[in-house]
1. If the viscosity is 0.890 mPa s and the temperature 25 °C, what translational diffusion coefficient in µm²/s does Stokes-Einstein give for region 1-114 when Rh comes from Kirkwood over Cα pairs?
2. Using label points projected 7 Å from each Cα along Cα→Cβ, tell me how many nm separate E62 and S7, to one decimal.
3. Ordered by packing density, taken as the mean number of other Cβ atoms within 10 Å over each peptide's residues, highest first, how do 108-114, 37-43 rank?
4. Just to compare against my own numbers: the Cα pair-distance distribution for region 55-112, 5 Å bins, whole % per bin, please.
Amino acid sequence: MISQVTSRSAAAQHLRDLARLRRVRDRIDREYAQPLDVEALASGAHMSAGHFSREFRLAYGESPYGYLMTRRIERAMALLRRGDLSVTEVCFEVGCSSLGTFSTRFTELVGMPPSVYRRHAAHATAGIPSCVAKQVTRPIRNREARAPSHT
């Protein structure tokens, strides 16, 4: 009897934690360009930073910082496809404070540096509606990008 109450209580707590994590993920999606750190995100989920990071990774397959950077890179890709901003301007527009970190993470996710992507993207997505281009060019998470072929 006690084990049933305990397991129901644990299941209910797990569902509450998942709801909190979803709210934090939604906040990252909305506020990706703002300065966000794990401590503040964890506080918003009423969890310690370590527990929050572990639970976020379990729920979404990557760390909160990795998820944030993926959102920033997705937005950067859209801005670079537009072509009216420099790579540096795009870096700061999406909330990154270091051009080096931005370029490294962009290259890891997209498979090419942002300057190369900017040159190629305009030609690759010409004539494609932006909503389709966004889906087709979505970055691959967890460093799974293939190296660009030079044919």
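Since every read-out is calculated from the coordinates, none of them should be taken as a lab result. Computed from a predicted model, the values in this text were never measured in an experiment. Glycine also receives a Cβ, built like all others from the backbone with ideal geometry; neighbour counts cover every protein chain displayed.
1. On the way: Rh = 15.6 Å.
Stokes-Einstein gives a translational diffusion coefficient of 158 µm²/s.
2. Reported label-point gap for E62 and S7 is 3.5 nm.
3. Working: 108-114: 19.7, 37-43: 15.9.
Ranking the peptides 108-114, 37-43 by packing returns 108-114, 37-43.
4. Answer for region 55-112: a P(r) of 4, 21, 28, 23, 12, 8, 3, 1 percent.
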